[in-house]
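Below is one structure, written out as structure tokens; the observations come after it.
Quick note: the coordinates plus some simple rules give every number you see, no bench work behind them. In this text the structure is predicted, and so the values were computed from the model without any measurement. When we count neighbours, we look across all protein chains shown, and the Cβ atoms used for this are built from the backbone with ideal geometry, even at glycine.
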Amino acid sequence: MRRIVSGQVALLTALLLPHPAQAALFQPAEGEEGEEDMIILEDEMEGEEPAAEGGEGQGEQPTGEAAAGLDDLLEGEDAKEAEADAKKVQAQAGKQDKNSEEKQIKTETKLITVIQRQRMLKKKRVDIQPQVGISINDPYVRQYSFGAEISYWLTNRMALSLTGTGFVANRTPRYDNIKLQTGLLLTANKTLWQAHLNFQYNPFYGKIAIFNRFLLHWEGFVQIGGGVMQTEVIPRFEALHEPFRTFTGGGQFTIGARLYFPRLDWFSVNFGARTWIFPDKLEPSNRGPGDMNTTGNDPALDDPDAAKKASKFQVQFQTVLFLGLSFYFPTSFEYTTPR
């Protein structure tokens, strides 16, 4: 509350003072001519703080609860702005991280990782493998094989397998050339079929880089086994004599390799060389035309059974290069690591 004491109060005061003081009171001070002295008394209201010092025209500052509310409002707005800026920065950073992660993945897929897991796990899986092959050790009779092999993998390196193969044989041009040029008739046999029980072991494992783009995983394996087979004699005089067949048994030894391809958990390509060792009966050397008086020919051997009895077993070798496609069941597998 303000009270303004004006000229009456000043006049009353002047009357009560001595004359020299009155003259001094009414004499204007330097630099304040024409201005009326004014005394302002202020009563501080309860709970009101004095106004801050400042120049003219400065508005009143909020005090108390109003100032606290204003501060809270300003702080809330600043917090919202800061949060919005943080979210914007985080979104941009996340977008950049995502883009960089995708770029990194694309870059890494073009590179070759040297240390990789084994491409195929075969333990407790069944391998069904169709095979084709061609014989390479007999220059006079060419034999083509068609068959299949079924394997059960005891571990990832060892398997038991059953192999069945049928053959189609043809005499080579060399056989006919010798007959025409020298007049000699060659003694030869052909294989009809074979069936073997085998044990397979994979001692080798490696990787092959293809154009520095991706890796082919491969395995080297050895296989040994034994079984039964049947052969047939190719008569020297086919127009006169009938062939005879021999049922025999033998063993086999195989060296091969297996290729695995990316993203194919159920397939591999196999190739190798398989050699059979077996006893076989050849056509007797004194089996000739029965109506010709040729020294050493025995007309009784015209009968195939008699010729078979007169023949003796001899050790024979047969080597076949084969190519196979393996299909694994179940078609997928899972890696497990010890804790």
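Grab the beta carbon distance between Gln118 and Arg171, set R0 = 41 Å, and tell me the FRET efficiency rounded to 0.05.
Details: r = 46 Å, r/R0 = 1.12.
Once rounded, the FRET efficiency stands at 0.35.
Hand me the trypsin sites (Lys or Arg not before Pro) from segment 170-249 located in a DSSP loop with no more than 13 other Cβ atoms within 10 Å, in residue order please. Write out the running numbers ahead of the final one.
Numbers: sites: Arg171, Arg174, Lys179, Lys190, Lys207, Arg213, Arg236, Arg245; in loops: Arg213, Arg236.
Passing both the DSSP loop test and the Cβ count: Arg213.
Assuming R0 = 30 Å, can you tell me the calculated FRET efficiency for the pair Phe204 and Thr248, based on Cβ-Cβ distance, to the nearest 0.05?
0.35
Find the Rg to Rh ratio for segment 214-311, where Rh is the Kirkwood radius over alpha-carbon pairs and Rg uses the same atoms.
Ratio of gyration radius to Kirkwood radius for segment 214-311: 1.30.
Which entries in Lys122/Lys190; Lys122/Lys207; Lys103/Lys207 show an alpha-carbon gap greater than 29 Å?
With Cα atoms farther than 29 Å apart: Lys122/Lys190.
Along the Cα→Cβ direction, 7 angstrom out, place labels at Leu259 and Gln181. What is the inter-label distance in nm?
Label-label distance for Leu259 and Gln181, simple model: 3.8 nm.
Report relative contact order for segment 126-329 in percent, whole number only (criteria: Cα-Cα under 8 Å, sequence separation at least 6).
Reported relative contact order: 21 percent.
Local charge sum around Phe313 (other residues, Cβ-Cβ under 9 Å, Lys/Arg +1, Asp/Glu -1)?
It works out to a net charge of +1.
Which order results if Phe327, Phe221 are arranged by neighbouring Cβ count within 10 Å, fewest first?
Going from sparsest to densest Cβ surroundings: Phe327, Phe221.
Lys and Arg at +1, Asp and Glu at -1: add these up for the other residues within a Cβ distance under 15 Å of Ala195 and post the number.
0
Could you tally the net charge around Ile208, taking each other residue with its Cβ under 15 Å from the Cβ of Ile208, Lys/Arg +1 and Asp/Glu -1? Don't jump to the answer; show the numbers that get you there.
Values: positive: Arg119, Lys207, Arg213, Arg258; negative: Glu219.
That works out to +3.
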